[in-house]
1. To the nearest 500 deg cm²/dmol, what mean residue ellipticity at 222 nm is calculated for the chain from DSSP H runs of n ≥ 4 alone, each contributing -39,500 (n - 2.57), summed and divided by the residues?
2. Let me spell out the model: positive unit charges on the Cβ of Lys and Arg, negative unit charges on the Cβ of Asp and Glu, origin at the Cα centre of the chain. What dipole size does that give, in debye rounded to 20?
3. Would you mind checking the tilt of helix 18-54 against the longest principal axis of the Cα atoms of the chain, expressed as 0 to 90 degrees and rounded to 10?
4. By how many degrees, between 0 and 90 and to the nearest 10, does the Cα long axis of helix 120-131 differ from the longest principal axis of the chain?
5. Is the shape of the stretch 58-211 best called rounded, prolate or oblate, per the rule: a/c under 1.5 gives rounded, else a/b larger than b/c gives prolate, else oblate, with a ≥ b ≥ c the square roots of the Cα gyration tensor eigenvalues?
6. Taking the number of other C-beta atoms within 10 Å as the exposure measure, put Leu222, Leu80, Leu164, Leu122 in order starting with the fewest.
7. Taking the Cα centre of the stretch 135-294 as origin, work out the dipole magnitude from +1 charges on Lys and Arg Cβ and -1 charges on Asp and Glu Cβ, in debye rounded to 20.
8. Among Asn257, Thr81, Phe35, whose Cα lies farthest out toward the positive end of the dipole of the chain, if unit charges sit on the beta carbon of Lys, Arg (+1) and Asp, Glu (-1)?
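Every number here is computed from the coordinates shown, using simple stated rules; none is lab data. Computed from a predicted structure; not experimentally measured. Reconstructed Cβ throughout: ideal geometry from the backbone, glycine too, with neighbour counts over all protein chains shown.
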Amino acid sequence: MSVGAIGDFQACQRRPSHGFENGRVATAAVVLLAFGVISVKRYVAKKNRRRRWAAVGKDVVVVHGLGKGRRTPNLSPFVLTLETYLRLAKIPYQMDYEEPFGPKGQSPWITLNGQEMGDSQLIIQMLGRRFGKDFTASLTKEQKGAARAFHMMVTEHLAWGFRLWRWVENKGRLMLQEMDRVPFIVRLLMPLKRRQIFKSLYFQGIGRHSAEEVHDIIERDLAAISFYLGDKPFLMGSDLCEVDCALFGSLAQIMWNYSGSPYETMVKVKYPNLKEYVLRVKETLWPDWDQCLKRPKMS
Ligand SMILES: N[C@@H](CCC(=O)N[C@@H](CS)C(=O)NCC(=O)O)C(=O)O
């Protein structure tokens, strides 16, 4: 072999062949095309969903939430709170489970007359103003103060304790069992979600305590609610108001989706007026509870 031929041979060894390079370009093109097709499909599906939600009718609320439970119409206390409020306020609504996370990256969120809004508490305030519903109007200032304090205790304190049991102490197992349908992707992403929730519990502060300490902290909240409720039918007296929706949304989870937790014993045995209260709200606002467990997903 001549010196020139050896040089050519070595150059050929260093440079990938045209065939190899073409193969890589083709693979990249296929991947790009697949991404493009998926993105366009997702965009079109999103547009179509919005068109459908806009067509439900004027002033009909579309509630977007996480999926149904087997024993409660929703496994999220916040979605159940919002639905309970819509029933109390007699505002027509439809459920959607296709896109559970909204503008704030959380569930629930709503579409109303084509406008999107997130956060159950802000939604309830907005709907109250828009539809002229204020269920605390006849309360004294002192009672209004108490209603607000209990509302915040339920959504900003109690909820963290319950969340810690569901995701850390129970590792999300019971929640998966109680879910109406568990998509494969949800099972797959569970460890990741648990890690994310554990971080949020840690930064909130409650995740730094031992389980026993958290049980004690939460029992104090439940006891306070039970003492304040006494033998009144609803938290603020003989009529339901906004705070009852939040309280029901959380306590209903304990009644039906927290079997074996210390909180179940607290609600059902130690402070039985809480259990009676949950059943009373259910009977008043959810006469179709069992049908709701079977309701089809909006499509
Ligand atoms: N402040 C919110 C809380 C909603 C919330 O925490 N939703 C949970 C489901 S129960 C959620 O979306 N978690 C997912 C996340 O925060 O990334 C509200 O009242 O709507």
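1. Values: 13 runs with 178 residues, N = 299.
Calculated at 222 nm, the ellipticity per residue is -19000 deg cm²/dmol.
2. Working: 45 positive and 29 negative charges, 224 e Å.
I would put it at about 1080 debye.
3. 20 degrees
4. Between helix and principal axis, roughly 60 degrees.
5. Working: a/c = 2.19, a/b = 1.31, b/c = 1.67.
It comes out oblate by the Cα gyration axes.
6. Details: Leu222 19, Leu80 26, Leu164 22, Leu122 11.
Least crowded to most crowded, the residues run Leu122, Leu222, Leu164, Leu80.
7. Numbers: 22 positive and 19 negative charges, 150 e Å.
The dipole of the stretch 135-294 has a size of about 720 debye.
8. Phe35
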